[in-house]
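Input: a single structure, listed below in structure tokens.
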Amino acid sequence: MRLTVAEAASLLNAQVEQVHDWIEDGGLPAQRIGGRYLINRTELLEWTTGRDVAMAPRAFARTAGGATADTVAGALRDGSIEYRVPAADPAAVVRHAVDSLRLADDGDCDSLQHFILGRDALGLAMVGDRIAIPHVRTPAVLPVRGKSGSRLSLSFLDRPLKLGDAARVVETIFFLVSPTVPAHLSLLATLNWCLSDSAFRDAIVVRRSAADVLQAAADAEGRL
């Protein structure tokens, strides 16, 4: 799905002129077709990740059989929030995160671990405050037995972990498993937006209790 500049501006809560500036000077990917710019919504989400720009998740809103899109609070509740996760090496972090997602099939757990470990920097994108979230382009798609939605794990590491090079140091990691690519994009867009919410961001940065994190997520989503 391609967006006009005006549609992108609405999603970013920005002026049309600002979006044109981002295209021309800020590296925002866009194609010029018939005298106007068109922007791929997935590329727009990727561009906003880690920038001080929030993209409204409605760009990826989806429904299936009357069910609404997954929520961050719900996916975290079905997944897990873990504290002082051993960060001796990336494999240990991934193993702990996959186990915490409580997938029913051991084969799925093994496949997911290999998939994550085979990705550059574990398939994660940095979003500031040493927080990493799944990259837009590396969806972990698995059927979650007994559930129709996504599962999200939040790992607070017991020490900083380097991802690939010294410039990429992470202390907090979200891992996501979704049943489909659209579900991955939908929940990732919502997570990205929630992280622009000061109350939710604060709950993550200061490592509040699991109950407080879930409440902050629900509150942030309530402000959408």
With θ taken as phi - 60° and the coefficients 6.51, -1.76 and 1.60, list the Karplus ³J(HN,Hα) couplings across region 153-162 in order, rounded to whole Hz; mark glycine and proline as x.
10, 10, 10, 8, 6, 7, 7, x, 10, 7
Sort region 72-222 into rounded, prolate or oblate with this rule: let a ≥ b ≥ c be the square roots of the eigenvalues of the Cα gyration tensor; rounded if a/c is under 1.5, and if a/c is not under 1.5, prolate when a/b is larger than b/c, oblate otherwise.
rounded
Per the rule of 0.36 nm per residue minus the C-alpha distance, extending residue 89 to residue 32 adds in nm 16.1 nm
A correct fewest-to-most ranking of 39, 33 by other Cβ atoms within 10 Å would be 33, 39
Which residues' amide hydrogens lie under 5 Å from the amide hydrogen of residue 81, considering only partners 5 or more residues apart or on another chain, with H built in the peptide plane?
154
Sorted by chain and then number, the residues having a modelled amide H within less than 5 Å of the amide H of residue 125, at least 5 places away or on another chain, are 133, 135
What dipole magnitude, in Debye to the nearest 20, does the chain give about its Cα centre under +1 on Lys/Arg Cβ and -1 on Asp/Glu Cβ?
280 debye
Can you check what the net charge comes to around residue 174, using other residues whose Cβ is under 13 Å from the Cβ of residue 174 (Lys, Arg +1; Asp, Glu -1)?
0
Would region 2-48 count as rounded, prolate or oblate if I go by the C-alpha gyration tensor, calling it rounded below 1.5 in a/c and otherwise prolate when a/b exceeds b/c, oblate otherwise?
rounded
Pull up all non-local amide H partners of residue 158: gap of 5 or more, or a different chain, and H-to-H distance under 5 Å with H placed in the peptide plane.
85, 87
What is the helix-to-structure angle for 16-25, meaning the angle in degrees between its Cα long axis and the longest Cα principal axis of the chain, kept from 0 to 90 and rounded to the nearest 10?
70 degrees
In debye, nearest 20: dipole of region 2-48 around its Cα centre with unit charges on the Cβ of K, R (+) and D, E (-)?
240 debye
With -39,500 (n - 2.57) per DSSP H segment of 4 or more residues and division by the full residue count of the chain, the 222 nm estimate, nearest 500 deg cm²/dmol, is -12000 deg cm²/dmol
Measure off 7 Å from each Cα along the Cα-to-Cβ vector at residue 10 and residue 206, then give the distance between these two points in nanometres to one decimal.
3.7 nm
Can you give the relative contact order of the chain as a percent, counting alpha carbon pairs under 8 Å and 6+ residues apart?
22 percent
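Readers should treat all values here as calculations from the given coordinates under stated rules, not as data from a laboratory. Predicted model only: the values in this text are computed from it and were never measured. Here the Cβ is made from the backbone with ideal geometry for all residues, glycine too, and neighbour counts use every protein chain on show.
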